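Here is the structure we will look at.
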């Protein structure tokens, strides 16, 4: 079933980076109030990423906006809304051929839901840095439990050992941190790099 964006839509706009005149055509989100400026800036900063990454990031934010529109009176804080949104990506909104929200979302595959959550998490992390306000993070970092730390170490070691140029690996691990929302459902590694 097709997703209908009532409060926003995607357009492609041309951006000029500097006085050289080099232009990029990037997807942006347009609402009834105009282009989402911060997201347009975020897309411009990520202009070298693949078109599929750009479209996926745009789609993820559109889904969040759609969910926010349908549930605007149900949540008092952004993190609670984001947690519910994340859960809804996995479960869908249809139950017994009924959907009071009007979204009509089918459950998504875990990898697809995790990818969408990852896009929104990275965007909110970027917003928090730009605005110097950690309250803007929808999925902030927290201290990992001992079990999460062990799993993080195992995942880090696996990525390092299987890296193409593993002998050049010098990245610092984030094994002592986990995301606050969605537990182990999302990957804390960058997607599309």
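No lab work stands behind these numbers, since they all come straight from the coordinates. What you see is a predicted model; the values in this text were computed from it and never measured. No Cβ is skipped: glycine too gets one built from the backbone with ideal geometry, and neighbour counts run over all protein chains shown.
Taking a ≥ b ≥ c as the square roots of the eigenvalues of the Cα gyration tensor of the range 8-139, is the shape rounded (a/c under 1.5), prolate (a/b larger than b/c) or oblate? Prolate shape, in that a/c is at least 1.5 and a/b is the bigger ratio. Between residue 72 and residue 109, the FRET efficiency from the beta-carbon distance, with R0 = 22 Å, is close to 0.20.
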